[in-house]
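FYI, it's all coordinate maths here, none of it is from the lab. As the structure is a prediction and not an experimental result, all values here were calculated from the model.
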Amino acid sequence: MHDLLKELLDWYLKSLETGGYPLIVLLMFIESTFLPLPSELVIPPAAHLAYTQGHMSLPGIVLAGAFGSWLGATAMYWAARWAGRPLLLKYGKYFLVPPEKIGRAERWAAAYGNFGVFAARLLPVVRHLIGIPAGIVRMDYGKFSLWTLVGSGLWCGVLCWLGVKAGQDEALMRGELRSLTLWAAGILAVLGVIYWFFVHRHMQAERK
């Protein structure tokens with residue numbers, strides 16, 4: 001597993017050298033649709049490459065990431081707006097969006113409104129789904145776009161910082177398993193706390 005991860009990372013870094021910002025836009029577009037491609041695997045390696053080799057700039061990576069996220073979220077928004085809730089509930093499961101996920105995203109949007117679009121870009125699980133309830137309820141597209149761009153930009157900025165800090169860990173850059181494990185555990189712990197505090201706790205309270 002360790003060797004496979006290192007090979008994938010090496011392949012991605014080499015691809016970034018030629019693909020640059022358009023590759024980041026494409027991957028973040030995918031991340032913001034129904035496909036399971038975590039942004040945590042896209043932005044930090046790009047930030048590391050920019051910091052160490054100067055092929056790209058950190059602000060450019062943030063902008064590319066936010067733009068790609070907005071494109072993906074826009075696709076989900078208009079698909080939901082045109083298709084409607086019944087069609088999504090019936091066929092969403094074939095695109096890795098089962099009814100329970102749609103329900104969670106709808107409850108989140110109903111509870112937090114416009115702020116929920118911004119906050120969702122910082123959270124796992126609801127991040128790539130928030131466009132669905134926004135499209136179903138026909139949220140103002142301008143406001144949806146604004147808060148998506150702001151939230152995505154902030155999230156990409158955090159991931160850039162993480163990528164730079166990770167790049168300063170020499171053991172991690174050598175691919176040592178212990179360092180990889182510690183970084184992965186730390187990232188998962190932070191994401192878990194964020195998810196529990198903002199999403200899980202709210203959903204539990206709603207059920208009660």
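Figures for the structure shown
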read-out	value
Pairs of Cα atoms farther than 28 Å apart, the range 2-169, %	24 percent
Where Rh is the Kirkwood radius over Cα pairs, Rg/Rh for the range 69-154	0.93
